[in-house]
Amino acid sequence: MSYLGNFNDTLAIAAQHFISLGWSIIPLQGDMDSSRSKSPALPRWKQYQRTQVDQFTRETWFGAVDAPQQSSPQHAIGVVLGRVSGLVVIDIDDPHIADAFELACPDLTETLTIRSGNRQLPHYYFHIPTDLHIAGRTVPGCELRSDGQYVVAPGSVIDGRAWEVVNDVEPKILTERDLRRVLRFMQSSTHKSQ
């Protein structure tokens, strides 16, 4: 059974589905501003780090679900991470680190996985337990993204490159033990890249 479903539909349908999953979303610049294509298409987006968008605003950004022929004003969606969506993402930007992560933590790759449009590398999505605080962390070639951050959502297309679902399963719950393994991996990948 698929978790996210078909992304050949409009962004309006994708946006509605993300909200039904409990995800907070924002519009991204996309092709409207190629110099800032992955930046929010909003003057401020901090409120969406705490609350989800309402239906009227979602339809203003992405169009109405019941009007599929309507062109969406936006062409890219951002998923706001951390407590508001109950999600963190491991965003890998280096193919060697992607291979090393798959070897070091193969069980953690069995989660919702999106292939980025830019580098064609994985974004691994995880649910976070309510009692586990996860701060974002960045090392060369790899990021653990959480509160105050976002990622480009599947179904988004920027400059002709699509963010695609490659493992359509529910995100795994990231346990405290898993988090320690991820942080150890990130630390070791820093030493290997120096």
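The values are calculated or read from the model by the stated rules, or taken from the named source; none is laboratory data. Please read all numbers here as calculations on a predicted model, not as lab measurements. Because the Cβ atoms are built from the backbone with ideal geometry, glycine has one as well, and the counts that use them run over all protein chains shown. Accessible surface areas use protein heavy atoms only, side chains included; no ligands, DNA or RNA. Shrake-Rupley method; radii C 1.70, N 1.55, O 1.52, S 1.80 Å.
Here are some notes:
- Between Glu170 and Asp31, full extension at 0.36 nm per residue minus the direct alpha carbon distance yields a gain of 47.1 nm.
- As a fraction of the 1.4 Å probe accessible area of the range 1-63, surface on carbon and sulfur atoms comes out at 48 percent.
- Binned Cα-Cα distance frequencies in the range 101-146 - 5 Å width, integer %: 5, 17, 23, 32, 18, 5, 1
- Ranking by accessible area, most exposed first, for Phe62, Phe56 with a 1.4 Å probe: Phe56, Phe62
- Kirkwood hydrodynamic radius (C-alpha pairs) into Stokes-Einstein, the range 77-120, 37 °C and 0.692 mPa s, D in µm²/s: 275 µm²/s
- Accessible solvent surface per residue of the chain, calculated while the other protein chains remain in place, 1.4 angstrom probe, Å²: 49 Å²
- Put simply, when 153-164, 127-138 are sorted by average Cβ atoms within 10 angstrom per residue, most first, you get 153-164, 127-138.
- Stokes-Einstein diffusion for the chain, with the hydrodynamic radius set to the Kirkwood value over Cα pairs and evaluated at 25 °C in a medium of 0.890 mPa s, equals 144 µm²/s.
- For the pair Ala162 and Ser39, the difference between a 0.36 nm per residue extended length and the Cα-Cα distance amounts to 42.7 nm.
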